[in-house]
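Each remark here refers to the structure printed beneath this line.
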Amino acid sequence: MSKKITVKGRDENGQRISTQIFEDLVQKAFTKSHDLVLETYGQHNVGGRLKSGGKPVTIEINGPCGQRLGCMGLPGTKIVCNGPASDDVGWLNIGAEITVKGEATNGVCNAMAEGKVYIGGSIGARGLTMTKWNPEYNKPELWVLGSCGDSFAEFNCGGIAIVCGVEAKNPDNVLGYRPCVGMVGGTIYYRGKIDGSYSQINVKAVLPDDEQWQWLLDRLPKYLENIGRPELLAELSQREEWAMLDAIPPQERALMKTGPMSMAEFKHKIWNPGFGGGDPIRDLAPGLDRSPIGMVESGDLRRKKPFWANRDKAAPCAYYCPVHIPTIDRLRLMREGKGKEAYEMLMEYTPLPASICGHICPNLCMQNCSRQMVMRRSTSRCWVGRPKINRLPRLPLL
Amino acid sequence: MVSIRSIPSRPGSLSPNDLPWIIQHREDRCTLCGKCAAVCPVNTLKLTYMRKRMPKIVLNSSERGSSFKTFVGIRQNTDVGRRCIGCGSCAMVCPNEAIGPVFNENDRYRFQATAGGDATKRGGRRNEPGGSLLDRIIFNRISMLTDPALDAGRHEFAYNTLLGRVLPPEEYVRRKLSGEWIPPVREIFPFIIGSMSFGALSPNMWLGLLQGVAYCNEVLGIPVVMATGEGGCPPWVLRSPFLKYIILQVASGYFGWDEIIRAIPEMQCDPAAIEIKYGQGAKPGDGGLLMWFKVSKLIARLRGVPEGVDLPSPPVHQTLYSIEESVMKMIQSMSMAWNFKVPVYPKISGSTSAKSVLNNLVRNPYASALMIDGIDGGTGAAYDISLNATGHPIASNVRDCYLDLCKQGKQNEIPIFAAGGVGKNGNVVQNALALIMLGASGVHMGKFIMQSAAGCLGSEKNRCNVCNVGICPKGITSQNPKIYRRLDPDDVAHRLVETFQAIQVEVKKVMAPLGRSQSLPIGMSDALGIADKDAADRLNIRYVC
Ligand code: SF4
Ligand code: SF4
Ligand code: SF4
């Protein structure tokens, strides 16, 4: 199984063969050898779906390669493309290691869930987008020697990118315009200038900590060797040249301030100074107090004073009782000798059991009694239910 | 207990069941705190005591008699002038959820509302419950595989609009090269806060709105502008850097213009634009009137009049006699006041004659736009008949004008702004984008902003709508500090900002599926559909079902 087999992308007449037929030839060759050289001529979806049961598979690509190189790549597959690659390298890759020695265009690693993609140049737009990471497996990795196009790492979920900024297509902005929109996981190492247009609610700028730096150092040599640039190791091993964009976890995002400036701060810094530092109508209405008040206010701000007109008509003792005890009925019951009923009725009204009510109440019923002027004493405390008193108290005559 | 007497029933007698809003009061929950009665803006709540007779009958004895009980409760006044307006303030302050208004379909009040011999007036809106035509227009042209799909959350959208005369490219280049005058054009957010005056609005409301507008511009970068309405602008505001977010209005009353002219030499910046008001959608052909009790000391000083007098703005400008003259005199003079650097445009009420006005403007080199206010527009005060039945719905009015411009090949030169019922049922972005795709360059919205930013209680069921009498329960349209201090300007500003942020999101949510990100879809009527054949034919859009 170890003999190299070459599959050609052109027929005997030099004509391109279709992607479907080429795939057929590759799968047939794969039954004979796990070490293939593919002389592609723009065929798409090359290098994926090679089921080896985990045994190593080596695919070397010579010649112009079509789109989606290594798409649906499986673990164990190792693809090396000796030239540049077209769109969507590593699309839906779930474990293949894909090396592109030249540049790659748009959509590198789109929807990739596991595996590694090593690019020996720069990449186009929308790299590392919509990646997946199942914690049962390893995180997908994308290594780029140069720079990335716009909209990089959108909706990245766990993918790790390493962007080296060497011979970058866009040295002024190695991560392109507006990277990391909707990025919810993963991390991006980069070296070189960026324009700060990354999505600030998704990622934060940090510097690699010791562990992260070690992670990078451990893997750099293999990457450089794969793309055939081992001489860059020293240059890329300067820690101070590297920075990172790290996904903000949702818990942290929930705590982030939603608006860019509080209204209070705006008022203080921008609004009031716009009027020479004071209320904008202070000249029209000097001293006008416009501070907020409630719907129902008291004191000077009171607008209406509602009252129940029954004050004019109800018996004052009952009306002024804070708990509206119908004192007239109480007295009537007592006059009828129904002390127990009077007491029970009282208990339905008062929140204070036993005799506490009578002890703490300032006797509003008595104070407001209209017969005050007629009789010296209107009504008075009476003791109900005390065993020592076996006769009813004398009550005022009506 | 009511004694035995004859209860008269006059033609104007109403029972609580005849009123548009009936108070529901739950005596089992009420603790008689009186807050509801203290807050009721129309004093409809009566705190009453009542006497109840309970017959006492003991079956097996000859004893007979009655016991009397006095109890307190809350009753509703049935006088026409003190009927419940359904504002719900009582429900807002009641600590026990014991009271609140309920809408009554069967009111007889409407036949008695003419007591005193005047026709009924109110503030607010047209009172046409149910979905409006604009609420029924939907966006059908979804771009999926035929053209690149956009993502509202991710892509960047350009949706500002232009207020001002846009020259044809060759004319622009010619003038640029020869150093001639180029008409001023403003890039603004297409949702404009419609003209509401300092006077119609309380100081806390007006300044709160401006504060929110300033925040949108200075902090969020959303170029929101607000129109002031007639009634001037506080002198400090005229001299502030926020004037550039304000469209000043000149109307037939010219209120506040002395202060404005006085301030011109000291202005730090130019206003966003000048709006010349010829008409208002809610009450076409009817003027404005700021009633004397709203003319507080503050308003009097601002408008340059004595305190406590009625301030009428007549329906017509007294010294303008024809459209040509109006356009000449007003537009040219207002342009000249700011050295031809500020866009000047007229505002008219929706009308079958709108096209004639527009055509006149097309020929006027200084006219910057046309603003048409449809029948569903709001107002601080108007007769019911004007509000309900006078005017023109905005959709077909804008459509006709836009198609007319298209015929002349001028649709990109003079923008049309639409107003009148935008967001009246809350669907502000749907309504606005429908109008924009019918041909408007932007919309003005008033009632929606009051409801959204300040919690205005008004509704199309004639809820509240007492903006005209200075007792606005929310403090929006009152000049009484004991009332308007209920409204915290910071809260208004905050809600305004939230409103515009949400509008932005919704605009993107419509534009993205239409595959439109680089410019506002003005006149993109192939995206519109309505399940109403007649409306579709009239508006020249697709009938869908
Ligand atoms: S709804 Fe308004 S008008 Fe009606 S009773 Fe309550 S507070 Fe008064
Ligand atoms: S506010 Fe509520 S609890 Fe207080 S009196 Fe009115 S209904 Fe009763
Ligand atoms: S809340 Fe104020 S502004 Fe709103 S309808 Fe009532 S009175 Fe008018």
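The values are calculated or read from the model by the stated rules, or taken from the named source; none is laboratory data. Since this is a predicted model, take the numbers as computed values, not measurements. Positions of Cβ are generated from backbone atoms using ideal geometry, with glycine treated the same way; all protein chains shown enter the neighbour counts. Accessible surface is based on the protein model in full, side chains and every heavy atom, while ligands, DNA and RNA are left aside. Shrake-Rupley method; radii C 1.70, N 1.55, O 1.52, S 1.80 Å.
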statement: Here the residues within the stretch B:466-476 that are near ligand 3 (Cβ under 7 Å from one of its atoms) and surrounded by 24 or more Cβ atoms within 10 Å (Cβ to Cβ) are B:CYS467, B:CYS472, B:PRO473, B:LYS474, B:ILE476
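Residue-wise test of (1) touching a Cys at 6+ places or on another chain (Cβ under 8 Å); (2) polar (S, T, N, Q); (3) closer than 28 Å to B:MET450 by Cα; (4) not assigned by TED's automatic domain parsing to the domain that holds B:LYS447.
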site: B:ASN480; (1), (2), (3), (4): no, yes, yes, no
site: B:ARG485; (1), (2), (3), (4): no, no, yes, no
site: B:ASP490; (1), (2), (3), (4): no, no, yes, no
site: B:ALA493; (1), (2), (3), (4): no, no, yes, no
site: B:GLU506; (1), (2), (3), (4): no, no, yes, yes
site: B:ILE522; (1), (2), (3), (4): no, no, yes, no
site: B:ASP526; (1), (2), (3), (4): no, no, no, no
site: B:ALA536; (1), (2), (3), (4): no, no, no, no
site: B:LEU539; (1), (2), (3), (4): no, no, no, no
query: Given B:ILE260, B:ILE264, which one is surrounded by fewer than 24 Cβ atoms within 10 Å (Cβ to Cβ), β-branched (Val, Ile, Thr), touching a strand residue (DSSP E or B) at 6+ places or on another chain (Cβ under 9 Å) and in the same structural domain as B:VAL327 (by TED's automatic domain parsing)?
result: B:ILE260
field: Residue within the stretch A:72-79 that is open to solvent by 60 Å² or more (accessible area, probe 1.4 Å), part of a loop (DSSP other than H, G, I, E, B) and at positive phi present
entry: yes
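Condition check ((1) open to solvent by less than 70 Å² (accessible area, probe 1.4 Å); (2) at pLDDT 95 or above; (3) away from every other protein chain (no Cβ under 14 Å)) across all residues:
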{"residue": "A:SER147", "(1), (2), (3)": "yes, yes, yes"}
{"residue": "A:ALA168", "(1), (2), (3)": "yes, yes, yes"}
{"residue": "A:ASN173", "(1), (2), (3)": "yes, yes, yes"}
{"residue": "A:GLY182", "(1), (2), (3)": "yes, no, no"}
{"residue": "A:ARG191", "(1), (2), (3)": "yes, yes, yes"}
{"residue": "A:GLY196", "(1), (2), (3)": "yes, no, yes"}
{"residue": "A:TRP215", "(1), (2), (3)": "yes, yes, yes"}
{"residue": "A:LEU220", "(1), (2), (3)": "yes, yes, yes"}
- prompt: Given (1) without any contact (Cβ under 8 Å) to a residue 40 or more places away in the chain; (2) touching a helix residue (DSSP H, G or I) at 6+ places or on another chain (Cβ under 6 Å); (3) part of a loop (DSSP other than H, G, I, E, B), where does B:LEU59 come up short, assuming only one miss?
  reply: (2)
statement: Of those in the stretch B:29-40 that are open to solvent by 20 Å² or more (accessible area, probe 1.4 Å) and at pLDDT 90 or above, the residue nearest to ligand 1 (Cβ to nearest atom) is B:LYS35
query: Of all the residues that make up the stretch A:84-113, how many are of a type in the set (Gly, Ala, Ser) and part of a loop (DSSP other than H, G, I, E, B)?
result: 6
field: Filter result (assigned to a loop (DSSP other than H, G, I, E, B), within 15 Å of ligand 2 (Cβ to nearest atom) and under 17 Å from B:GLY88 (Cβ atoms)) within the stretch B:13-32
entry: B:ARG26, B:ARG29, B:CYS30
- prompt: Applying the selection to the stretch B:57-97, what residues are more than 16 Å from ligand 1 (Cβ to nearest atom) and not hydroxyl-bearing (Ser, Thr, Tyr)?
  reply: B:ILE57, B:VAL58, B:LEU59, B:ASN60, B:GLU63, B:ARG64, B:GLY65, B:PHE68, B:LYS69, B:PHE71, B:VAL72
message: I'd like to check something: does the stretch B:170-184 contain any residue that is within 32 Å of the chain's Cα centre (by Cα) and open to solvent by less than 70 Å² (accessible area, probe 1.4 Å)?
response: yes
query: Residue check: is B:ASN43 surrounded by fewer than 20 Cβ atoms within 10 Å (Cβ to Cβ), away from chain A (no Cβ under 12 Å) and in a loop (DSSP other than H, G, I, E, B)?
result: no
task: Considering (1) under 30 Å from A:ASP329 (Cα atoms); (2) within 14 Å of chain A (Cβ to nearest Cβ), say which one B:LEU59 fails and leave the rest.
output: (2)
- prompt: From B:GLY304, B:GLY281, B:GLY232, which residue is within 14 Å of chain A (Cβ to nearest Cβ) and open to solvent by less than 10 Å² (accessible area, probe 1.4 Å)?
  reply: B:GLY232
task: Collect the residues in the stretch B:69-120 that are open to solvent by 40 Å² or more (accessible area, probe 1.4 Å) and either within 16 Å of ligand 2 (Cβ to nearest atom) or within 14 Å of chain A (Cβ to nearest Cβ) (or both), keeping them in residue-number order.
output: B:LYS69, B:THR70, B:PHE71, B:ARG75, B:ARG82, B:ALA91, B:MET92, B:PRO95, B:ASN96, B:GLU97, B:VAL102
message: Suppose the filter is more than 14 Å from chain A (Cβ to nearest Cβ), open to solvent by 10 Å² or more (accessible area, probe 1.4 Å) and at pLDDT 95 or above; does B:ASP147 pass it?
response: no
- request: May I ask you to verify whether B:ARG51 is in contact (Cβ under 8 Å) with a residue 40 or more places away in the chain, assigned by TED's automatic domain parsing to the domain that holds B:ASN104, open to solvent by 90 Å² or more (accessible area, probe 1.4 Å) and more than 16 Å from ligand 1 (Cβ to nearest atom)?
  value: yes
- request: Filter the stretch B:316-373 down to the residues that are basic (Lys, Arg) and farther than 30 Å from B:GLU266 by Cβ, then identify the one that is least open to solvent (accessible area, probe 1.4 Å).
  value: B:LYS355
When residues of the stretch A:229-278 are limited to those that are part of a loop (DSSP other than H, G, I, E, B) and either more than 10 Å from every other protein chain (Cβ to nearest Cβ) or modelled with pLDDT of 95 or more (or both), the one most open to solvent (accessible area, probe 1.4 Å): A:LYS257
message: Just checking, does the stretch B:284-293 include any residue being without any contact (Cβ under 8 Å) to a residue 40 or more places away in the chain, in a helix (DSSP H, G or I) and open to solvent by less than 20 Å² (accessible area, probe 1.4 Å)?
response: no
- prompt: Any idea which of B:ILE483, B:ILE471, B:ILE522 is within 14 Å of another protein chain (Cβ to nearest Cβ), β-branched (Val, Ile, Thr), part of a loop (DSSP other than H, G, I, E, B) and more than 25 Å from B:LEU145 (Cβ to Cβ)?
  reply: B:ILE471
message: Considering only residues that are open to solvent by 30 Å² or more (accessible area, probe 1.4 Å) and modelled with pLDDT under 95, which ones fall in the stretch B:435-462?
response: B:SER459, B:LYS461, B:ASN462
query: If you check A:VAL117, A:VAL174, which single one turns out to be part of a loop (DSSP other than H, G, I, E, B) and hydrophobic (A, V, I, L, M, F, W, C)?
result: A:VAL174
